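Enquirer: Sharing a structure here in structure tokens format.
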Amino acid sequence: MVFSQTMRHILHADFDAFFASVEQLDNPIHAGKPVVVGGRPENRGVVASASYEARNFGIRSAMAMKTAQRLCHSLVRVDPRFDRYREVSLLVMGIFKSLTPLVEPVSLDEAYLDISHLVKDSLTPKAIALSLKTHIEKQTGLTISIGVATSKSVAKIASDMDKPNGLTVVPPGEETIFLSPLKVRQLWGVGPKTAEKLSRENILTIGDI
């Protein structure tokens, strides 16, 4: 991805429970129900995606399907349809590229967009993000959460702050204020073991770092 030398404005766009949301969209009977996409429990399957209704029961991606079914007896399990997910992803990436050629896909359901060249006094990054969210929902029936910041790393953290269907803007110069109170686990690459080691040194937040 190539950026200009002026102030950068980056969006991190991330679908909400992508696989599960596509299944709820394509099968309205599943709308509002706890849905998971993944393998069969008898075949030691795991959860690939969980709807927010399922997450309310403590179900998460990579969880054993047997465990998920124990947590929620009304759980709806759906076999993955990766061809369909790729189809939706291609449509959305095309919408992203119609906004800006500077698109960096991360996976089927998320991407970074550099909108620096679009921002002006009459068109703020927030307005661009809101317009994109509305366009995506109209074209696909799905919602995305967007983080807006001056860097990819901060935009990614911001996109996860207000899910589902969220929008979090970190204004230029307010990165430290935004990041400081957040748990160290919210940094990309910090897993449970690293967080535990940092905790032993009384480093609990990004501000502590």
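The values are calculated or read from the model by the stated rules, or taken from the named source; none is laboratory data. All values derive from a computational prediction rather than experimental measurement. Please note: Cβ atoms are built from the backbone with ideal geometry, for glycine as well, and neighbour counts cover all protein chains shown. Keep in mind that these areas ignore ligands, DNA and RNA; they rest on the heavy atoms of the full protein, side chains included. Shrake-Rupley method; radii C 1.70, N 1.55, O 1.52, S 1.80 Å.
Enquirer: The conditions are (1) touching a residue at least 40 places away in the same chain (Cβ under 8 Å); (2) in a loop (DSSP other than H, G, I, E, B); (3) not polar (S, T, N, Q), and residue 162 fails exactly one of them. Which is it?
Expert: The number of the failed condition is (1).
Enquirer: Continuing with this model, one more query. Is there any pair with a first residue in the stretch 74-97 that is open to solvent by 70 Å² or more (accessible area, probe 1.4 Å) and a second that is assigned to a loop (DSSP other than H, G, I, E, B) whose Cβ atoms are under 7 Å apart and which are 6 or more apart or on different chains, and what are they?
Expert: 74/34; 86/108
Enquirer: How many residues are open to solvent by 60 Å² or more (accessible area, probe 1.4 Å) and without any contact (Cβ under 8 Å) to a residue 12 or more places away in the chain if we restrict to the stretch 98-130?
Expert: Number satisfying all stated conditions: 8.
Enquirer: In contact with a Pro (Cβ under 9 Å, 6 or more places away or on another chain) and at pLDDT 95 or above: which single residue out of 113, 132, 118 fits that description?
Expert: Criteria check complete, one pass: 118.
Enquirer: Shifting gears a bit: Report yes if residue 154 is part of a strand (DSSP E or B), modelled with pLDDT of 95 or more, closer than 24 Å to residue 17 by Cβ and aliphatic (A, V, I, L, M), otherwise no.
Expert: No; evaluated as a whole, the condition is false for this residue.
Enquirer: Of the residues that sit in the stretch 151-197 and are farther than 29 Å from residue 137 by Cβ and among the small types (Gly, Ala, Ser), which one is surrounded by the most Cβ atoms within 10 Å (Cβ to Cβ)?
Expert: 195
Enquirer: What are the pairs with Cβ atoms under 6 angstrom where one residue, in the stretch 138-149, is farther than 13 Å from residue 114 by Cα and in contact (Cβ under 8 Å) with a residue 12 or more places away in the chain and the other, located anywhere, is among the aromatic types (Phe, Trp, Tyr) and buried (at least 24 other Cβ atoms within 10 Å of the Cβ)? Sequence gap at least six, or different chains.
Expert: Close Cβ pairs satisfying both conditions: 144/15.
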